[in-house]
Amino acid sequence: MVPLDQYLLLSALLFGIGLAGVLTRRNGIIVLIGVELMLNAANLNFIAFWRHRADTGAADGLLFAMFAIGVAAAEVAVGLALIIALYRARRSVNLDEAKELKG
Amino acid sequence: MGLTFPLLATVTWLAALGAVALRRPVYAALSLVVALLGLAAIFLTLEAQFLGMVQILVYVGAVVVLVVFVIQFTRNDEVPLTGLAFRPVSLGVGIAVLVTGGLIACIAGTPEWAVKPPEGPPPGMRQIGEGLMGVYVPALEAMGVLLTVALIGAVLIAMRGRSTSLH
Amino acid sequence: MTALDQIFVNLKHAIVALLPVAWQTPGSMVISAAAIVGTFAGLFAATTWIERKGLARLQNRMGPNRVGPFGLFQPIADGLKMLTKEDIIPRQADKLAHTLAPIVAVAPVIVAYAVLPVGRNMVAVNLEAGLVFFFALGGMKEIGVFMAGWGSRNKFSLLGSMRAIAQMISYEIPLVVSTLVVVMAVGSLSLVDMVEAQTGYHAGLLARWHVFTPWGLGGFLLFLIAATAESNRSPFDLPEGESEIIAGHMLEYSGFKYALFFLGEYMGLFAISGLGITLFLGGWTAPFSFLAWVPSWLWFFGKLLCFIAFFVWLRGTMPRLRADQLMGFAWKFMLPMVLVNLLVVAFWQFTRGWEFFGAGVWRWVLGGGMFAGAAWGLARLPRVGQPTGPRVYRFAE
């Protein structure tokens, strides 16, 4: 079995990439992709900790990761709808364009 | 195990890097597919079979498909992508590196994880189902409400954009 | 009897036993994979002939009749033609996406066969979450379609792939939810368990197939519609719509890559038909107890051929839907109906304990009534106030 540290390391690196993407890109869709990567990194942690616990009888870590996937799906749906709305209003998916409060 | 995990981890990480760094959104989305498949494979090596499949079903089958759909819908290829939101870029990357470094320091700094090698087979579908229908029923119901609200909200947001552009 | 039923299983075991011990596990996998690919690719060749002949009959034509007796060698001629054609990549195309697309579209479809039980003890892997595995791979196909449409740099390709993806994600929801009734009734996600649950006979005669229950019948019909749409078959073949967008995402493909798409489409059709057979039509079990001596794999493939004949018939008789009709049907009819069907199966499970005289008939009437009433309401209510007479078709005068 691969030691827990390696999973956590991969998860941290994935989280870092996601964060860098969210902070540096201004294309709304790529920002969403970055958020997804961060959520996936968290999921990997949940699964790794769940699997490396001595008592694996319960499926709690697994279920938490499942709920996280559900939340991510909802987040993507709303996020993409916002991007479409932004595109309709501004003809661009550039997040810099969305700095006014009124549409 | 041997080489499986390092290989999968490298592929996943490089694909994730591509997903946020590639200029063209379509390439980013396709790179994201590779990263998600790699993660699903890692879940399989962790014996979380069901979750690996859910990962493919939800992320590759629905989320990425939605993303490429929106990329096409917004003619994203024609938008100039040179600018960056967090200026200077090095500031954004620096923050990310700092956070990652902190996380890695925490992982490396922990002398020993209070874990024992797992015994016995992992819980199967039955335990997952019982968990969902037993202890976690409130969470499941909340998830249902959340997804319904998100669905309606997404439709409303996308529709309202249309009506304002018409007037 | 058993010998004939288990002939392929025993054959595989015999071959595996010949291998060195270290190679037995991979050897067994390779044999299963080769058997699946060989059988279903052969079925694909046969289906092209069946389809062309069947469509010809429906349209008062002869169909292929030049190559071999009754044109039986037509698939071979077609295959040779496909393989010897030039492989064209448009100059403007995205070469990587264009080249990878057929593989991405075909590979998951073939892998999905791994969980399909095609006979007693004849399944490559019995996954605990087999149904989720099947749908997960079905979802990956959409990426291939997108890559083909986008990578070809052709507006018809792009339009076609957008149509295909919109259609696939819209019908994937009713497709998945329509199978949930079986999961609820059986209490497992393994396809092998689902066939096991349908073994045994009512009154020692009629098989306990799920299609003989109100939720099973309703679920089967909904599944069939959604499966037709999911595999882009007529009347839901808008993504290809040759009169509007030529061949959709496959427009810029030629030679071997086009053949791969073609193969993937038919393999997907067989896979989803096989899933329908497994979930609702008892998989490899016989319909009547006195027919149980027929080998199990023969039943499975017999049912599969019936499905193929049904799809050919449908293609020959139904006009193509309009895009708005297609989407409206998915969201306004299919989705509510599959949710109603979940209520029907819940009712069916809840009333299992009914013991009084005629309880079975009452359960059928009430459950079927719920389903039929919902279907009638959903079909009629949006049209309240509109005339109900026969439709009048007016052609260009």
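The values are calculated or read from the model by the stated rules, or taken from the named source; none is laboratory data. The structure displayed is predicted, hence computed values, not measured ones. Methodologically, a virtual Cβ is constructed for each residue, glycine included, from the backbone with ideal geometry; neighbour enumeration extends over all protein chains shown.
For the reader, a short list of remarks on this structure follows.
- Applying the set (1) among the basic types (K, R); (2) closer than 24 Å to C:V186 by Cβ; (3) exposed (fewer than 10 other Cβ atoms within 10 Å of the Cβ) to C:R363 leaves exactly one unmet item: (3).
- Looking only at segment A:16-31, and only at residues there that are more than 7 Å from chain B (Cβ to nearest Cβ) and surrounded by fewer than 24 Cβ atoms within 10 Å (Cβ to Cβ), the one that is nearest to A:E75 (Cα to Cα): A:V31
- Of the listed requirements (1) touching an Asp or Glu at 6+ places or on another chain (Cβ under 9 Å); (2) not in a helix (DSSP H, G or I), A:G18 misses just one: (2).
- Within segment A:39-88, the set of residues being at the interface with another protein chain (Cβ under 7 Å from one of its Cβ atoms), farther than 19 Å from B:V63 by Cα and in contact with a helix residue (DSSP H, G or I) (Cβ under 6 Å, 6 or more places away or on another chain) comprises A:I47, A:A48, A:H52, A:A59, A:L62, A:L63, A:R88.
- When residues of segment C:98-128 are limited to those that are modelled with pLDDT of 85 or more and small (G, A, S), the one surrounded by the fewest Cβ atoms within 10 Å (Cβ to Cβ): C:A107
- Selection count, segment C:227-239, where residues are at pLDDT below 80 and buried (at least 22 other Cβ atoms within 10 Å of the Cβ): 2
- Which listed residue, of C:L189, C:L238, C:L175, C:L180, is of a type in the set (A, V, I, L, M) and closer than 18 Å to C:V109 by Cα: C:L175
- Restricting C:L222, C:L217 to residues that are out of contact with any strand residue (DSSP E or B) (no Cβ under 6 Å at 6 or more places or on another chain) and within 20 Å of C:A330 (Cβ to Cβ) narrows the list to C:L222.
- Put simply, of C:F133, C:F146 the only residue that is farther than 30 Å from C:S188 by Cα, within 14 Å of another protein chain (Cβ to nearest Cβ), surrounded by 21 or more Cβ atoms within 10 Å (Cβ to Cβ) and of a type in the set (F, W, Y) is C:F146.
- The set of residues in segment C:150-166 that are surrounded by fewer than 24 Cβ atoms within 10 Å (Cβ to Cβ) and part of a helix (DSSP H, G or I) comprises C:K155, C:F156, C:L158, C:L159, C:M162, C:R163, C:I165, C:A166.
- Residue match in segment B:33-49 (condition: surrounded by 16 or more Cβ atoms within 10 Å (Cβ to Cβ), at the interface with chain C (Cβ under 10 Å from one of its Cβ atoms) and modelled with pLDDT under 85): yes
- Within segment B:76-97, at least one residue is within 14 Å of chain C (Cβ to nearest Cβ), surrounded by fewer than 20 Cβ atoms within 10 Å (Cβ to Cβ) and at pLDDT below 85.
- Qualifying residue in segment C:280-287 (condition: of a type outside the set (G, A, S) and either within 15 Å of the chain's Cα centre (by Cα) or closer than 30 Å to C:P90 by Cβ (or both)): yes
- Close pairs from segment B:1-18: first at the interface with chain A (Cβ under 8 Å from one of its Cβ atoms) and surrounded by fewer than 20 Cβ atoms within 10 Å (Cβ to Cβ), partner of a type in the set (A, V, I, L, M) and assigned to a loop (DSSP other than H, G, I, E, B), Cβ under 8 Å, at least 6 apart: B:M1/A:M1; B:M1/A:V2; B:F5/A:V2
- Some residue of segment B:52-72 being surrounded by fewer than 23 Cβ atoms within 10 Å (Cβ to Cβ) and assigned to a loop (DSSP other than H, G, I, E, B): no
- Test: residue in segment C:388-395 that is assigned to a loop (DSSP other than H, G, I, E, B) and of a type in the set (F, W, Y): yes
- Any chance B:L22 is surrounded by fewer than 24 Cβ atoms within 10 Å (Cβ to Cβ), within 9 Å of chain A (Cβ to nearest Cβ), over 14 Å from A:F15 (Cα atoms) and of a type outside the set (D, E): yes
- Qualifying positions in segment C:302-339 - aliphatic (A, V, I, L, M), surrounded by fewer than 15 Cβ atoms within 10 Å (Cβ to Cβ) and touching a Pro at 6+ places or on another chain (Cβ under 9 Å): C:M318
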